[in-house]
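The values are calculated or read from the model by the stated rules, or taken from the named source; none is laboratory data. Note that the structure is a prediction, hence the values are computed from the model and not measured. Note: ideal-geometry Cβ built from the backbone for every residue, glycine included; neighbour counts use all protein chains shown.
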Amino acid sequence: MGTYIIKTPDIGEGIAEVELVAWHVKEGDTVVADQVLADVMTDKATVEIPSPVAGRVLMLGGSIGQAVAVGSELIRLEVEGEGNLKAGAAPAAGTAGPAAQPAQPAKLPAVPVRPTFAVPPPLDAGERVRQAIEAAAAAQVTQGNASERPIASPAVRRRAWGLGIPLEQVRATGPAGRIVQADLDAHARAHPGLAPPVPACEASGAPVKAVVAVPVRVNRFEEINTTETIPVIGLRRKIAMKMQDAKRRIPHFSYIEEIDVTELEALRQTLNARWDGKRPRLTLLPLLVRAMVLAVREFPQVNARFDDEVGVVTRHGAVHLGIATQTANGLMVPVLRHAEALDLWACASEIARVAEAARAGKATREELSGSTITLTSLGALGGIANTPIINHPEVAIVGVNRMVERPVVRGGAIVVRQMMNLSSSFDHRVVDGADAAAFIQAVRGVLEAPGLLFVE
């Protein structure tokens, strides 16, 4: 029997680390070749990590929500034959730590000893304090010669700052010399004057649901004091980071316009009745997409991406339209490529395809990147107005609100019309307010005279 180590693969695009979002196996499980072991997430998509060999799981290399460096040890298997871990080989970077031992020969004990991986093995309090003091002393000695910045995730850096712990003084036990939450715990225990560390389960990044026991309710007015802790990991964390980055970096300018869509809705119903069963059913979205494509020709500055780090705006001739889609895991933006080349029914079919791929978690990296402008809609729940957040690095986003019947004045008479608001946001560094308003007015002109949808 031998030991086979599977490392975090290089996914490309210069990605140095990935987030571990799911384990499909546990220690002791038997796996076969090509079986999916784990899911990792990049800024673009979720990637499945299959097993290249058959074997038994000896050790998992991280906790859910943990950032894992590319090339670090992900999982360790017991396999038939020699494996890829040679006798006497040095331990992987991910296993470095005070409790890490050199690799053993091929024969393994009946119950394998779990070496330090992301979280050190349990130790008594005196031993933990002794090791932490020794680590702090060693760090202080070498601090003057250390020129490299300690490796740690933003969450670890924020917590270290809150505790008043210089990361240069913390001994790293994570993959590739990374400082993990457990290292902060050990350092904090060695310095009682610091704020108390968070529980180990929370610090490790593992999913935690701490729920206070709920007594049997006597009546419906009884006080409820339950709490639930839900870690923000995976896609939800990526969404949060992207939204935060967009609002921090982009000065948003919002513009809301009311549109009479009575004729547009009548046209949509007529087209659906005319081609019922022969062509895809039309919603308002394909009609709105076509109106945006026509308006972009007059206002190319809204169909652009702004690289604010180098100060370059790239205007695109092609309209790669992002379609904001709600999924079970959060908001995703699959891309409708070359919307300018699609008729209404082709557009409807492609919108349905990319949206379903996003909801099913099967959208490719290419289908989730490269948009030049975004369209978002809450459908029947869209409210009367909203302020959409721009999909960075784009410079414009258009939001569709709920269509309702309202009394309006036309020709001196009060009539009931189908009305709908368009809520839009623009990057004010790139798009002037007058141009943004004119763009929305151009979209409005097409939607209120839907015959223009078919006129070039």
Out of 322, 330, I need the residue that is over 14 Å from residue 289 (Cβ atoms) and touching a residue at least 40 places away in the same chain (Cβ under 8 Å). Which one? 330
Could you give every pair whose Cβ atoms fall below 8 Å, whose first residue belongs to segment 377-395 and is touching a residue at least 12 places away in the same chain (Cβ under 8 Å), and whose second residue is small (Gly, Ala, Ser) and assigned to a helix (DSSP H, G or I), counting only separations of at least 6 or pairs across chains? 389/246; 390/246; 391/246; 392/246
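If you scan segment 284-341, which residues turn out to be among the basic types (Lys, Arg) and either in contact with a Gly (Cβ under 8 Å, 6 or more places away or on another chain) or assigned to a strand (DSSP E or B) (or both)?
If the condition is that a residue be among the basic types (Lys, Arg) and either in contact with a Gly (Cβ under 8 Å, 6 or more places away or on another chain) or assigned to a strand (DSSP E or B) (or both), then 305, 315, 337 are the ones that fit.
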Just to check your reading of the model, which residue among 17, 73 is of a type in the set (Asp, Glu), within 30 Å of residue 392 (Cβ to Cβ) and either modelled with pLDDT under 60 or surrounded by 14 or more Cβ atoms within 10 Å (Cβ to Cβ) (or both)? 17
Per the filter on segment 20-70, residues of a type in the set (A, V, I, L, M), without any contact (Cβ under 8 Å) to a residue 24 or more places away in the chain and either outside any strand (DSSP E or B) or buried (at least 21 other Cβ atoms within 10 Å of the Cβ) (or both) are 32, 33
Search result, residues across segment 401-448 that are closer than 24 Å to residue 283 by Cβ and in a loop (DSSP other than H, G, I, E, B): 401, 402, 403
Scan of segment 387-416 for residues that are of a type outside the set (A, V, I, L, M) and crowded, with 16+ Cβ neighbours inside 10 Å, ordered by number: 388, 391, 392, 393, 394, 399, 401, 402
State which residue pairs qualify: first residue surrounded by fewer than 18 Cβ atoms within 10 Å (Cβ to Cβ) and inside segment 337-360, second residue modelled with pLDDT under 95 and among the hydroxyl-bearing types (Ser, Thr, Tyr) in any location, beta carbons under 7 Å apart, and separation of 6 or more residues or different chains. 359/325; 359/327
Complete set of residues in segment 244-274 that are in a helix (DSSP H, G or I), touching a residue at least 24 places away in the same chain (Cβ under 8 Å) and of a type in the set (S, T, N, Q): 262
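Yes/no per residue for (1) of a type outside the set (Gly, Ala, Ser); (2) out of contact with any strand residue (DSSP E or B) (no Cβ under 7 Å at 6 or more places or on another chain):
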site	(1), (2)
354	yes, no
374	yes, no
377	no, no
382	no, no
391	yes, no
409	yes, yes
